[in-house]
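The values are calculated or read from the model by the stated rules, or taken from the named source; none is laboratory data. Model, not experiment: these values are computed from the prediction. Positions of Cβ are backbone-derived with ideal geometry, glycine not excepted, and every protein chain shown enters the neighbour counts.
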Amino acid sequence: MPSIELRTRQSLALTPRLQQSVRLLQLSALEFQQELRTALDTNPFLEYDSSEADDVALAGTTPGEDASVPPAADTLAAVQPDGLTAESAASDTLESAGQDDMPADFSGDYGSRNSTRQNGDSDGSDPADWARSQPTLREQLHDALRLYRLDDRDRAVARFIIEALDDDGYLRQSLADLADSVDLEPTLTEEELLVALRLVQSLDRPGLGARSLSECLALQINALPADTPGRDVARQIAEHHLERLARREQAELQKQIGCSAEELRVACALVRKLDPKPGNCYGRAEDNYVVPDVIVRQVRNKWVVSINPAVQPRARIHRMYAQLFAQSAGASRSPLAQQLQEARWLIRNAQQRFDTIQRVAECIVAHQKAFFQYGEIALKPMVLRDVADELGLHESTISRATGNKYMATPRGIFEFKHFFPRELGTESGGTCSAAAVRALLKEMIAAENTRDPLSDVTLAKMLADQGVLVARRTVAKYRHLMKVPPAELRRQL
């Protein structure tokens, strides 16, 4: 029989304001800027704040002063950003190990260098000097192409070739496919494309515009002086015997080429010094979108954390509109009342976002102070729970506050997550971080004998001698993350 029953139940519901606060906290600096601009364009109660007094109050704070003082409640300072075939095996053989990651570029006015020196900053440098910007591959080639006197058709074909290059500097498409994809009158021929390709290959670094690894290496060898030892034998290896070089068939190589063992050794060493991916020497356009949320400086032997003071755009409540609306009849029942409330929520939640990010950054710097002094090798193991317990916040809040957030330091720009390395055990019963182990591995590999490189087993034993207990497969994983090839591909004859 149907019946009616009364039950009590508890449920947790997020209010609209709390939902907005959670969403704003997990946004990156660029995403937050876009969110704020959308609000400025759609909410009549928000306006740009261009007052010079507020600019001085925030951007004029010197490192020696208290940089954690928030701006006024109705004013918001938003961050402004600005595989294995024989050929691939040979390519991996030639890749250089241990390349440093280029720090991402960021723009904006990050403070005065003079004021930094006056307040006892250790290096007296502006944070913008820590980042470096390089032209992209296509930008560099287009700039070089402007120096040539070409007719409109030849210049258009050369530009098309440049745009068809991939990030490694290779032309992966065939000339026939390229000719079919270009709409020119009269119809473009493969011979025209080949002439334009030869021009592009001569614009900048040798090897750019190659259609295969063999051609890339041959172009670099041809650019060497004619008296370079082993040049002729190296050209034969690059053009016809890369597969044997990858398999280290020295006796067969010597037989096929008809050279002495010493000539072959010199030629192989020359080939291994070439760059299999010349396009990687140029900047990448996506690097420009990394924006630091906080800046860490050393002031009087103390590390100070401050929010990135690039403050455009700025927003505040339009006081005149708010006063006129409050004086109107039936204001509380007007649809504009909801927009006014949303404007106030946005400013308060955004300020709370900045406060939370700064508190988390200060806690990270306090725990990882040795990193800023000695580098990666001094990173300590840390988990989100450590920061959550210290700040009295939920672990999920710390996760949102560290995701897609970046910190500008004298050692470069790092994501907040970089400072939470995994914990590894030591022989003495203590702990060390995975980042410190990777730093140790990098130092060991850099100091190895290139004729007898260290294997993963040897590296694991050397770490154990220093008290760090890791398995061979762990060493192999870290070596792969550092883009270091295995020992047999690092050996130089």
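Only one entry in Gln254, Gln236 is touching a Leu at 6+ places or on another chain (Cβ under 6 Å) and either under 30 Å from Ala487 (Cβ atoms) or surrounded by 14 or more Cβ atoms within 10 Å (Cβ to Cβ) (or both), namely Gln254. Restricting segment 394-409 to residues that are of a type outside the set (D, E, K, R) and surrounded by fewer than 18 Cβ atoms within 10 Å (Cβ to Cβ) leaves a set whose member that is farthest from the chain's Cα centre (by Cα) is His394. Kindly indicate whether any position in segment 155-176 is modelled with pLDDT under 90, assigned to a loop (DSSP other than H, G, I, E, B), within 15 Å of Leu208 (Cα to Cα) and among the basic types (Lys, Arg). There is at least one residue in segment 155-176 that is modelled with pLDDT under 90, assigned to a loop (DSSP other than H, G, I, E, B), within 15 Å of Leu208 (Cα to Cα) and among the basic types (Lys, Arg). The number of residues in segment 1-42 that are crowded, with 18+ Cβ neighbours inside 10 Å and not in a helix (DSSP H, G or I) comes to 3. Restricted to segment 212-245, and to residues there that are outside any helix (DSSP H, G or I) and of a type outside the set (A, V, I, L, M), the residue that is farthest from Val266 (Cα to Cα) is Ser212. Quick one: what pairs do we get from segment 8-29, first residue among the basic types (Lys, Arg), second surrounded by 10 or more Cβ atoms within 10 Å (Cβ to Cβ), C-beta under 7 Å, 6+ apart or different chains? Pairs that qualify, where the first residue is among the basic types (Lys, Arg) and the partner is surrounded by 10 or more Cβ atoms within 10 Å (Cβ to Cβ), are Arg17/Trp345; Arg17/Asn349.
Taking the conditions exactly as written (surrounded by 14 or more Cβ atoms within 10 Å (Cβ to Cβ), under 30 Å from Ala471 (Cβ atoms), touching a Phe, Trp or Tyr at 6+ places or on another chain (Cβ under 9 Å) and aromatic (Phe, Trp, Tyr)), does Phe414 satisfy them or not?
yes
Restricted to segment 151-181, and to residues there that are exposed (fewer than 14 other Cβ atoms within 10 Å of the Cβ) and not polar (S, T, N, Q), the residue that is nearest to the chain's Cα centre (by Cα) is Asp166. Does Val271 qualify as being under 30 Å from Pro135 (Cα atoms), modelled with pLDDT of 90 or more, part of a helix (DSSP H, G or I) and β-branched (Val, Ile, Thr)? Yes.
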